[in-house]
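Each value in this text was obtained by applying a stated rule to the coordinates, not by laboratory testing. This one's a predicted model, so the numbers in the text were calculated from it and none came from an experiment. All Cβ positions, glycine included, derive from the backbone under ideal geometry; neighbour counts span all protein chains shown.
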Amino acid sequence: MLDPAIQDTAMGPWAPRHVSWLEMTCYFGGALLVAAIGTWWILKRGGRFGLDEPDTRRKLHEKAISRLGGAPIFVAVGLASLVAGYIGGLGWTRWLPLAVCNALIFSVGFVDDLKPLGAKVKLVGQIGTALILYALGVSIDTLSNPFGEGALTLGWWSLPLTLLWLVSIPNIVNLIDGMDGLAGGFGLFLCLTLAVLGYLGNQPDVLVVSLAMAGALAGFLIFNLPPAKIFLGDGGAYLIGFFIASVSLFTSNKGSIISALLVIIIALGVPILDTLFAIIRRAIRGVSIFNADAEHIHHRLILLGYSKGGALAAMYAVCLALSLVGLSILLTRGITLPMTGACLFLLALGTARYLGYVRSWSNFRAQINEAMERRRQREFFRAYGRVLDFEVERCEDLQSFATLFQHGLERMGLSTRAYSGSKPEILKLDAGRSFTLYRPMDAVDLSEWHLRLDVLLPALERCLEKWKSLPPSAEAESAAAHPIIPLQVTA
């Protein structure tokens with residue numbers, strides 16, 4: 001490590017000192033121990049708060065699992081930072097903005113884990129936290145030329161670019177948090193990458209906090225690897241993403257910040273690619289980008305025959321390789337950047353074909369046309385779902401709505417009678433109510449049927465709000481506590 005005397009003088013009297021290997025080990029191991037003990041305590045004493053209930057669609061775990069795993073990670077990193085600042089002699093003054101904003105972003109996700117806030121509310125919280133950090137002086141102001149001398153001053157572009165960086169990374173991490181051990185493992189690799197950047201950049205404070213977060217994630221992963229006993233939740237995912245995004249702004253001087261950002265972007269290659277596929281997939285289908293599905297990279301790997309452990313190991317290996325590739329750009333002063341860009345482009349194309357997102361490049365246009373036809377069918381289902389929703393307001397009594405409801409089901413290819421070859425799908429309403437819907441066992445993807453059948457939920461929810469009951473045909477076949485509507489879906 002370079003002589004501390006030549007560090008960035010902008011830190012003033014709080015400039016961090018040299019950190020020994022023993023101290024590095026203590027920070028990593030201490031955070032690991034605190035996170036592991038905290039996670040164990042939640043598992044033993046967590047009670048019924050923040051539980052992730054299984055369903056018959058995406059959440060296939062056998063029993064309710066706590067999603068409060070972000071809490072012990074937050075506590076472990078906080079304690080390690082306090083020890084580093086007050087006992088270890090590492091400067092902490094410049095870290096106050098990051099500490100405050102990381103606590104805020106964790107709070108947004110943690111509250112959502114206890115009681116869902118909705119995508120829009122969470123997005124407002126993320127943007128607000130990013131604006132606070134920007135106002136406190138943490139921003140991307142200058143981009144240097146990674147190949148040599150020269151830099152670009154961003155001016156007013158600094159604000160949108162900083163916000164994009166601070167908001168997108170937490171959401172990317174949260175998006176891949178759909179498999180046991182995935183987001184936590186990726187966060188571990190990325191924090192170790194940040195620690196290397198802090199070491200190479202002669203910033204021991206960056207090194208220490210990154211090692212602390214890596215240790216906390218390692219302690220959490222003891223209970224999160226398949227089969228997971230606890231989940232990260234939005235609090236943990238947002239904390240990991242915002243930590244990586246904000247600390248990466250501290251891993252180099254302003255004049256060379258582009259190199260640090262490039263390292264993180266490349267190390268995030270797998271989740272960024274997964275996010276890109278999800279955006280394209282949902283845009284073609286005509287659904288919201290916040291609409292969850294079961295077609296992420298890890299889902300596709302499992303469909304290809306990988307076990308959960310095998311899929312996780314494969315994605316860990318790619319993440320580790322990309323982290324090393326990213327660091328090579330920094331070490332070679334950008335010489336390997338063109339080759340890296342070409343490799344990443346080929347990786348994206350090969351991944352799309354291997355995972356089945358593209359069935360054949362020669363018939364790619366036909367696949368797009370098929371997808372657009374399915375989108376038109378979904379638009380028809382959504383339109384009729386809205387019509388049924390409006391009919392609840394127009395009808396004076398439940399019987400009148402029931403007649404229109406039956407007619408609407410016929411127009412949508414549905415009926416109230418199950419038939420040979422149909423399969424039940426459960427939709428849950430508020431107040432513990434659930435409906436069993438029957439769909440045909442045809443060639444249409446399961447996710448497609450879920451998108452189509454979900455359009456009935458708003459009308460049924462509004463029906464319960466207005467009349468405290470369901471259409472007679474459904475009510476007759478429902479249990480008192482959990483009413484069930486049998487619906488037949490024709491091809």
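Take the Cα of V100, step 7 Å toward its Cβ, do the same at E396, and the gap between the two points is 6.1 nm.
Set the Förster radius R0 to 51 Å, insert the Cβ-Cβ distance between W40 and E410 as r into 1/(1 + (r/R0)^6), and round the FRET efficiency to 0.05. According to the calculation, E is roughly 0.40. Here the simple spin-label model places points 7 Å from the Cα toward Cβ, and for R48 and L320 these points are separated by 4.3 nm.
Pairs exceeding 32 Å between alpha-carbon atoms, taken from K122/K428; K122/K229; K120/K423; K63/K122: K120/K423. Hey, if you drop one equal point scatterer on each alpha-carbon of the range 279-430 and run the Debye formula without solvent, what base-10 log of I(q)/I(0) do you get at q = 0.13, 0.15, 0.16, 0.17 Å⁻¹? After summing over all Cα pairs, the log10 values are -0.89, -1.05, -1.13, -1.20.
Model label sites at K466 and A366, defined 7 Å from Cα along the beta-carbon direction, differ in position by 4.7 nm.
Among R376, R353, R462, R452, sorting on how many other beta-carbon atoms sit within 10 Å of each Cβ, with the fewest leading, yields R376, R353, R462, R452.
Applying 1/(1 + (r/R0)^6) with R0 = 22 Å to the Cβ-Cβ distance of L346 and Y306 gives a FRET efficiency near 0.50. As an equivalent ellipsoid, the range 18-354 spans semi-axes of 29, 25, 20 angstrom, where each value is the square root of five times an eigenvalue of the C-alpha gyration tensor, largest first.
Ranking of W157, W361, W95, W449 by neighbouring Cβ atoms within 10 Å, starting from the fewest: W361, W157, W449, W95. Full extension of the segment from Y354 to K428, taken as 0.36 nm per residue of separation minus the current Cα-Cα distance, would add 23.1 nm.
Listing D389, D180, D112 from the residue with the fewest other Cβ atoms within 10 Å to the one with the most, what is the order? Could you put the intermediate results ahead of the total?
Working: D389 18, D180 24, D112 21.
Result, fewest neighbours first: D389, D112, D180.
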